[in-house]
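The values are calculated or read from the model by the stated rules, or taken from the named source; none is laboratory data. It should be emphasised that the depicted structure is a prediction, and the values quoted were computed from it without experimental measurement. Neighbour counts run over all protein chains shown; Cβ positions are idealised from the backbone, glycine included. The protein model used for the area step is the full one, side chains on, heavy atoms only, and it has no ligands, DNA or RNA in it. Shrake-Rupley method; radii C 1.70, N 1.55, O 1.52, S 1.80 Å.
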Amino acid sequence: MSIPAKYNAKQVEEKWYNYWMKNNYFHSTPDDREPYTIVIPPPNVTGVLHMGHMLNNTIQDVLIRRARLQGKNACWVPGTDHASIATEAKVVAKLKAEGIDKNDLTRSEFLFHAWEWTEEYGGVILEQLKKLGCSCDWDRTKFTMDDDMSEAVIKVFVDLYDKGLIYRGYRMVNWDPEAKTTLSDEEVIHEERQGLLYYLNYKIEGSNDTLTIATTRPETIFGDTAICINPNDERFEHLKGKKAIVPLSNRIIPIIEDEYVDIEFGTGCLKVTPAHDENDKVLGDKHQLEVIDIFNEDASLNSYGLHYEGQDRFVARKAIAKELDEKGILLKTETHTNKVGTSERTKAVIEPRLSDQWFLKMEDLVKPAINAVLKDNDIKLYPKKFENTYRHWMENIRDWNISRQLLWGQQIPAYFYGDGKEDFVVAETIELAVEKARKVTSNSKLQTSDLVQDTDALDTWFSSWLWPMSVFDGIRNPENEEIKYYYPTNDLVTGPDILFFWVARMIIAGYEYKDKKPFNNVYLTGLVRDKQRRKMSKSLGNSPDALKLIEDYSADGVRVGLLLSSAAGNDLMFDEALCQQGKGFGNKIWNAYRLVDGWEVDHAITQPESSKIAVEWYESKFQKALIEIEDHFSKYRLSDALMTIYKLIYDDFCGWMLEMVKPAYQKPIDSKTLKRVISIFEENLKIVHPFMPFLTEDIWHYISDREKNEALIISKWPEEKSVNESIISEFEFASEVISGIRNIRKQKNIAFKDTIGFSVINNEKTSSIFDTIIKKLGNLDSINYTAEKVDGALTFRVKSNEYYIPMQGSIDIDAEIKKLTEELNYTEGFLKSVQKKLANERFVSGAPAQVVASEKKKEADALAKMETLKTSLESLK
């Protein structure tokens, strides 16, 4: 079947993806082959495909398709993350639109709605990844809330609790008032924001004296339970042992002394609000101060806020400042810049809040993970620069707050059997919890109905940190065949923004539960930015519709466009023109095969010498490129690997080789050459396939009718063979000769159908191996080797070789002499200006070295050009 004139991407993509799926090429089961395993960074179940996903998953697909071609048992496990905060927020919004308040629902009722929503909208992104060509083992698709995945999470929680690593504590936590849950320190983004510093007067009890404090948060005065001064500050000797009166609430609070207060900072007096500041909490514990929490869950003021009850904290701040000003309590305000913690998910300003939470001790758990990356080099980060980020996180790690005040997620398996905070047991099921509680209480009559499970859910990351193990059921069944075969996985491709959230924690979990690393290499992609280097976002309107890009430029075109400008770890400056370039590359390959497919073959004719040499040259060029490609892949420089392939096929194969072997107009090609060209084309398709799977598979089947076990997706990656460096070097020289001939034809308007004479003084002693090709591509009637200059001819040089093209019958000699003389005079004038600059010692000694070098190159180029022009003039005269 002949190949169509135009490539129909939409039709081809649907056809071949269905074919791959039908024939189960993506599916993997353990066998005697070497496994190659990737686990997908599970996108949020609420997500839709964006540019970051496109880049990340294109890279993974390139790696997995190449491994498949290398004969490895390639297994790419897909899945989604339940994304507690994001998903619960979407479900709450949906319920609100239906007039349902989350707080009016039981846990099971809410979860019913959450599952209903997840089943309706979840997993959309996985379907979209298929449009990109992702060859995941879809039979293995996992969801972090699947029953088996949740069982693994609960099993790990119980195990870590039993080891004494999980504990419950009343601590100051990061509270997200929008999501109404705690966040770990790592989920808080600190931003510099400009605000105000408010100077307030507090009256001293029993006198007319006052003291002044400075605060950025006047609304928190309702939670003040002390004023603190430094005992060494002589300014406040008269305040020692006295009490102050809190403005507006008129509560009496003690003035305490502690060297924690910096004498030089602010006014030297510090308001202490233990419920709303971590450092204040430490002071409060030390001095046994009362703790007054003034906020509701949504950060509105509660009854301690008096007449401001119910107002949002920021609204109340302005109103309180106004009242303080009217009452003469606010002395002044100053502009002040400070770092404000915001939620990584909701962007809400974080509120420090005291709460009973669950924590995981990290100090000992983290040690093997530090050694694996930073000492033993068992796990390699690409680029290596991210090791410093990893080191900072791991060496400054704090206990992980793993509980969240959410309904969507794995419910913490702690069961309370009494009224006290410590009256609980931890177990995988309520039945096991009853058994434990009976032993603890010595009450054999306890029933499941007597136990109340903790209402909190576990942090989403507490499930995804087990991902490389749990997708192979390695937690519940640690000795099963799959975990032994596929684990550790090979490569992880992800963004540096979750290097700690996810990557580091997976390493920690891997060593704790398998005593092995979870993966060998971590390839960290950069952020996708626009041409102005701005991060892509909906608010800026600079993030293109990923599916529309595929529709406009084809999946292969978008894949190539993304990778052409994506160096490992560096941000990608995305430009749609790159997708157009990718699409253009696909068309180039398509049309190249159309050209070959259109040749008639004559089995009777022998192979021309030019074709034989062309094939030998390209095969060595291909092998040299293959070595480069392998090197780039080994260093995760996929963009460089693609660029090597791009140049090889665009320039060397299409630009040179096909031209060398192409038969004359309406003439047939010999069968030997055609057979080699087809074989070379197939080798080209193999190295392009990981980057452009659809187009290559389509052409592969146009080349020959293939059985399902002969599909390109499961063919064999080219083998490295010896490289003939000599033939490559000789062609580089020959290509310059051909370019010189073409330039003269173009300049003199000599039609290519007209043959021309050609003579050479071979000072370089170059091989004549490419003479047949020079003759063919230059349309020369002969190549004459001579020791003397040729009169009446135009000339050009390649290194020290001189080439002559007789021109008498082709051009007006007098006009050509005049033109060359003018060009020579201009070049002489240019040379004088350059030499004058180089003769100026101040310029040579003062200018940057690269500027001086550039001027010297101009001088050398001008001298060489003048020599060629003079030789040409002599020949014409």
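Tabulated values for the structure
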| read-out | value |
| --- | --- |
| Among beta bridges that DSSP assigns inside segment 142-264, antiparallel share in %, nearest 5 | 80 |
| Taking the C-alpha atoms of segment 127-180, convex hull volume expressed per residue in Å³ | 175 |
| Loop GluC sites (Glu not before Pro), segment 518-603 (other Cβ atoms within 10 Å of the site Cβ: 14 or fewer; DSSP) | E600 |
| Fraction of beta bridges assigned by DSSP in the chain that are antiparallel (%, nearest 5) | 70 |
| Shape box of segment 174-267 [Cα atoms, principal axes, largest first, Å] | 46, 29, 22 |
| All lysines inside 23 Å of K94 as judged from Cα atoms, apart from same-chain residues fewer than 8 positions distant | K102, K180, K347, K538 |
| More than 26 Å apart - percent of Cα-Cα pairs taken over segment 104-226 | 59 |
| Solution diffusion estimate, µm²/s, Stokes-Einstein, segment 353-404, Kirkwood Rh from C-alpha pairs, 10 °C, viscosity 1.306 mPa s | 127 |
| Under 23 Å from the Cα of K163 - lysines, other chains or at least 8 residues apart | K155, K361, K367, K421, K436, K439, K514, K516, K517 |
| Hull volume in cubic angstrom per residue (convex hull over the Cα atoms of segment 640-778) | 166 |
| 25 Å Cα-Cα threshold exceeded, pairs from K662/K753; K72/K708; K832/K865; K624/K686; K748/K857; K621/K662 | K748/K857 |
| Cross-link partners of K837 among aspartates and glutamates (Cα-Cα below 20 Å; sequence separation of 8 or more within a chain) | E828, E855, E859, D861 |
| Extent along principal axes [Cα atoms of segment 632-695; Å; largest to smallest] | 45, 19, 18 |
| Calculated P(r) of segment 1-151 - Cα pairs past 18 Å, % | 65 |
| By average C-beta atoms within 10 angstrom, highest first, the peptides 746-757, 675-686, 258-269 | 675-686, 258-269, 746-757 |
| Percent of C-alpha pairs per 10 Å bin, segment 284-426, short to long | 8, 20, 29, 23, 15, 6, 0 |
| Above-threshold pairs, the threshold being 29 Å between Cα atoms, out of K612/K716; K318/K531; K380/K535 | K318/K531 |
| Using distinct alpha-carbon pairs, which all enter the 1/r mean, Kirkwood radius of segment 205-249 in Å | 12.0 |
| For segment 565-698, convex hull volume per residue from C-alpha positions, Å³ | 101 |
| Inter-centroid distance (Cα atoms) of segment 354-389 relative to segment 755-779, Å | 64 |
| Overall Cα dimensions of the chain - principal axes, largest extent first, Å | 117, 73, 52 |
| GluC sites (Glu not before Pro) within segment 80-173: DSSP coil, no more than 16 neighbouring Cβ in 10 Å | E98 |
| Using alpha carbons only: equivalent-ellipsoid semi-axes of segment 413-528, gyration tensor based, whole Å | 38, 18, 10 |
| V440, V62, ranked by accessible area, largest first (probe 1.4 Å) | V440, V62 |
| For segment 56-137, average projected area of the Cα convex hull in nm² | 6.8 |
| Exposure of V173 as accessible area (Å², to 10), given a probe of 1.4 Å and all protein chains | 10 |
| Segment 354-418: trypsin sites (Lys or Arg not before Pro) in DSSP loop, at most 13 other beta carbons within 10 Å | K384, K385, R398 |
